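The values are calculated or read from the model by the stated rules, or taken from the named source; none is laboratory data. Just so it is clear, the model here is predicted, and its values are computed rather than measured. Every residue, glycine as well, gets a Cβ built from its backbone with ideal geometry; the counts of neighbours run over all protein chains shown.
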Amino acid sequence: MNIQVIGKLLFAATIVVMIVGCASSPPRELVQHNDHTRLAAWYQKEARDLRARTEEMRQIKKEYEFLGTPKEGHKSILVQHAKNLEHHYSKAAELAEAMAKAHAEQATNLQER
């Protein structure tokens, strides 16, 4: 492997670590206080962030598809990993949107009482 390919791989690995490390959990105090309105907003923001990560991974996947590596099998592994992460971020965004909807409905139900 030449130095240029190694540099690209290290750069890509750094980006993936940063993206995965940015995932967060809902603020505990909102859960503890049953603040469904703010939890809905938090999950909506999380869904937007996950959609952005999905798009970033889609772009990285495209870069890998054009990456000139000496071993074609190595290239396809990188593309597949990026594709997997793109899928997982997309699915996580869908789940966050569902949680936002559920909390919004719960907030509405509590206000109607």
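For region 23-46, a residue qualifies if it is surrounded by fewer than 19 Cβ atoms within 10 Å (Cβ to Cβ) and hydrophobic (A, V, I, L, M, F, W, C), and the qualifying residues are ALA23, LEU30, VAL31, ALA41.
The residues of region 69-113 that are polar (S, T, N, Q) and either at pLDDT 90 or above or in a helix (DSSP H, G or I) (or both), listed by number, are SER76, GLN80, ASN84, SER90, GLN106, THR108, ASN109, GLN111. Looking only at region 40-51, decide whether some residue is over 20 Å from SER90 (Cβ atoms), modelled with pLDDT under 95, among the aromatic types (Phe, Trp, Tyr) and in a helix (DSSP H, G or I). No, there is no match, as no residue in region 40-51 is over 20 Å from SER90 (Cβ atoms), modelled with pLDDT under 95, among the aromatic types (Phe, Trp, Tyr) and in a helix (DSSP H, G or I). For region 83-113, name all the residues that are within 14 Å of HIS36 (Cβ to Cβ) and of a type in the set (D, E, K, R). Passing the criteria: LYS101, GLU105, GLU112, ARG113. I'd like to check something: does region 59-68 contain any residue that is at negative phi, modelled with pLDDT of 85 or more, in a helix (DSSP H, G or I) and of a type in the set (A, V, I, L, M, F, W, C)? Yes, that holds for at least one residue.
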